[in-house]
Amino acid sequence: MHHPAPNFPVARTLRHALMAAGLLLPLATLASPAGDALRRLQNDDWVTRNITLQDLGITEPVVLTNSDAHHEFFLPVPRGVPILDATLGFDAKYTKGESGRTNMVLWLDGIPQTAQRIADGDGTVARNLTVEQRNRQTGFLRLGVDWQSEIALRHCESNRATANALTISPQTRLSYRYDASALKNLDDAWGTLPGKPVLMVASPKLDQQAFDSAWRLGVALERTGKRVSVRAFPSVGDEIDTRGLQVPAGLERVAAFAAIAGKENHKLASPAELGALLVLGAPAVSADVAIVDAALRTRYNEALDALQAQLASDSDAADAFKTWRQARMPLAGADLPAKDIRLLPLGRQAVIAVAADAGAQAAGAFDSAWRRILVTRQVNVKAATPPLSADGALRLTSLGGSTDSFDVASRGDWTTTFPLSAVSSGGLMPDELVMDLAAAPGASSTRPVASVFWNGILLTAKQMDADGKPERLRARVPGYALGVNNAVRVTFQRQPVSVDCNEIPQGYPVNVLPTSYVKPGKAQPDGSFVGLLPLMAGNPQLIIPDTYLADAPDNIKRVIGIASASGVSPTRAELSVTPAGQAVKPGRPFLAMEVAVDGAEPLVKVTDRKQLTVAGKTATWLDISGLENLSTAEVVRGNGQDGLLWHTLGQHPGKLDAPFVLNRGNVAVIGATGPIAWIDSANPDASHPPGAGESAFFEWRRYVSWSVPAISVALLVLILVLILARRVNRRKTRDTK
């Protein structure tokens, strides 16, 4: 028997409500265009990198002229992370003035990629090489260049310089993309930093703690060959570069995104626009290293909250943005603990986030001695300073020197390069270089010659016994040979033998032994920059006026430049901030920037950043005004301490755009690319070569220079004593008679 369904009003109303809910449920779960766009951006981790040889410090063209020349370049890539769409743009030009076949071969990671026969005359060589997609555990792509000119009439003729030359441009470039989320630890992130990394701070005005951490990290980056750009997080009213920004179609109707779309430059009108820039990964708000304090976290939250408000009317977009914010902006979620260093997402890329009080610890942790142990994404560092041996000696193998032997027929070079910071910690500077060498006998009776160079300056040379046994060469390292980056080269030269060209000369092995080392020396202040370098590498005092904190980014950049040039330790130095116009009394070796030092009597005086006066002993050497974009540095002594006094000239303070080392004289006038004038007012010989490469003979000559007069006086006194004794003896004899 069929019973009809009850037709109560309540049941009917409930049934209609459920049907309506079922129909509306798909509409409620539909994704909005803005939500879809935000989800796509959240999944986009790809970062593009462009690296030139110039970014690696190769600022001048590399010229290959020998008949059989080979050169290798090591271009950094993320270690253990695949790179996509990687191309190497090789840029060079050639000059061929001698007949015969000339070829160029390019290699990548030891594999030949292309070869070209060179025509007579002049021309250019431009090649775009596709780089294999694979992991490189070394962290480098190796580019090899072979330049071969077959000009010898007979095979036994030596490799020599020719009129055929290949000039490799510093603009040779490696471009690639990599997945930022694939970076798993701080070591890899540091090694992946671009040649010109961005160091981000919260605002133009900083407190002392954030300023202190920023300059320390900047010096640490500069010492690894980077050129740091210090940038404050933008504010409303700032004009920023928006070229190249791609606003997804789904976000074009959101006011903050619409305001910045399709423009080359844009003046920020609201915090929401800053939030939009963070979402898009705009360069203006991106960073490679960030000093994370409460002020920066507040700025992030202001921008993101304002953008969240503009998305409130679109529930799907609002939810997608919340998810994006949690995944991509953890720095806005919570403050970093004290002394913390973390690898975190920042928009579309990864950032090394450093707590505001961890600058010194981060500079030490990222030093070459400790960096490789940073195998996690987060560390808390209480202390980190470079280790030292009992006598401070550093083996060249620890600085990257190879211990492999190699064959030399006529000439061969062994080279290692390292930053000055690697050999200048603990108040010490390179003082002595000890090279242990070995060479096998050759076919010629002429013994091979080994020559040792530091930054191209000959320190010592020796004609070797060449019996396969270790031979030691010692050399003093003069201060004027030091640079920001240093290269030690040992050149072996043999006399090739081939009687009447009946045989081809063969190479015989030579070796730079792993017991070779560089030994630092203690501070010997003599009123010169060189004498001051070890003191700056110890526990110096960095003194700045409090006005520097109000215009932090530009002043941090200046501090980084002059601190690097004077060898200031980023881990051991102490920052002191003093009221502008007030003289200071340093309690240790110091670097004072635009601050008067009590008791100092500088030769150089800068008045109101306008007037430059250089005083001589009896008259004024220079009195000039109207200079711009310059600065001065001078060695002074004040309050019983040796230090460096720095002043800027001109209404536009001097910028330091290129790395350099203060290693001559005691006064320097500095331009954008480094010192442009040197003065040695105390000892003109202090900047000159110390003769004979500071050899053993030179050391004896030092002693002889003062011992000759002393010995002469002693002999004269002895003669007088003998004469007096003889007279007394004669008188006694006469009296006896």
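The numbers here are math on the coordinates, done by the rules we state, and not lab data. Because the structure is a prediction, the values reported are computed rather than measured. When we count neighbours, we look across all protein chains shown, and the Cβ atoms used for this are built from the backbone with ideal geometry, even at glycine.
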What are the ³J(HN,Hα) couplings of segment 664-674, residue after residue, when phi is run through the Karplus curve with 6.51, -1.76, 1.60 and θ = phi - 60°? Round to Hz, x for glycine and proline. 9, x, 10, 9, 9, 9, 10, x, 5, 9, x
All lysines inside 24 Å of residue 519 as judged from Cα atoms, apart from same-chain residues fewer than 8 positions distant: 462, 469
Separation of alpha-carbon centers, segment 176-217 and segment 297-313, rounded to whole Å: 24 Å
Could you calculate the contour length gain from residue 126 to residue 725, that is, 0.36 nm times the residue separation minus the distance between their Cα atoms, to one decimal place in nm? 206.6 nm
Let's test this: bin the Cα-Cα distances of segment 282-349 at 5 Å from zero up to the farthest pair and state each bin's percent. 3, 15, 26, 26, 16, 9, 4, 1, 0
When ranked by the protection proxy of mean other Cβ atoms within 10 Å per residue, highest first, what sequence do the peptides 476-489, 56-69, 407-420 form? 476-489, 407-420, 56-69
Across segment 593-632, how large is the tail of the calculated P(r) beyond 12 Å, expressed as a percent of all Cα pairs? 62 percent
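Work out the P(r) tail for segment 529-687: percent of alpha carbon pairs separated by more than 24 Å, whole number.
Details: 3313 of 12561 pairs.
For segment 529-687, the share of Cα pairs beyond 24 Å comes to 26 percent.
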Here P(r) for segment 50-151, Cα-Cα distances in 5 Å bins, as whole percents, is 3, 11, 21, 24, 17, 12, 7, 4, 1, 0
Segment 332-386 pair-distance distribution - Cα-Cα, 10 Å bins, rounded %: 24, 55, 19, 1
Hey, how many Å between the Cα centroid of segment 636-673 and the Cα centroid of segment 527-579? 11 Å
Taking the 0 to 90 degree range and rounding to the nearest ten, how far is the long axis of helix 271-280 tilted relative to the main principal axis of the chain, both from C-alpha atoms? 80 degrees
Quick one: what are the phi-derived ³J(HN,Hα) couplings along segment 340-351, Karplus 6.51/-1.76/1.60 with θ = phi - 60°, whole Hz, x for glycine and proline? 8, 10, 9, 9, 9, x, 9, x, 8, 10, 9, 9
To the nearest 20 debye, what charge dipole does the chain have about its Cα centre, counting +1 at the Cβ of each Lys and Arg and -1 at the Cβ of each Asp and Glu? 2000 debye
Putting +1 on Lys and Arg Cβ atoms and -1 on Asp and Glu Cβ atoms, find which of 568, 387, 111 reaches farthest to the positive end of the dipole of the chain. 387
Between the Cα axis of helix 9-28 and the main Cα principal axis of the chain, the angle (0 to 90°, nearest 10) is 30 degrees
Quick one: what Rg and Dmax do you get for segment 30-73 from the alpha carbons, in Å? 22.7, 70
Between residue 622 and residue 601, what's the calculated FRET efficiency when r is the beta-carbon distance and R0 is 22 Å? Round to 0.05. 0.85
For segment 324-342 and segment 593-610, what is the separation of their C-alpha centers, rounded to whole Å? 43 Å
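Based on Cα coordinates alone, diagonalise the gyration tensor for segment 183-380, multiply each eigenvalue by 5, take square roots, and list the semi-axes in whole Å, largest first.
Values: eigenvalues 179, 58, 48 Å².
Equivalent ellipsoid of segment 183-380: 30, 17, 15 Å, largest first.
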Counting each pair of different Cα atoms once, what's the Kirkwood radius of the chain in Å, rounded to one decimal? 30.5 Å
Taking the Cα centre of the chain as the origin and placing charges on Cβ (Lys, Arg +1; Asp, Glu -1), which of 650, 326, 281 is farthest toward the positive end of the dipole? 650
In vacuo Debye scattering of segment 394-521, one point per C-alpha: log10 I(q)/I(0) at q = 0.10, 0.12, 0.18 Å⁻¹? -0.33, -0.46, -0.91
Please determine, in degrees from 0 to 90 and to the nearest 10, the orientation of helix 33-42 with respect to the longest principal axis defined by the Cα atoms of the chain, where the helix direction is its Cα long axis. 30 degrees
Simple spin-label estimate for residue 711 and residue 43 in nanometres, 7 Å along Cα-Cβ: 8.7 nm
Label-point separation, residue 313 to residue 497 (7 Å along Cα→Cβ), nm: 9.3 nm
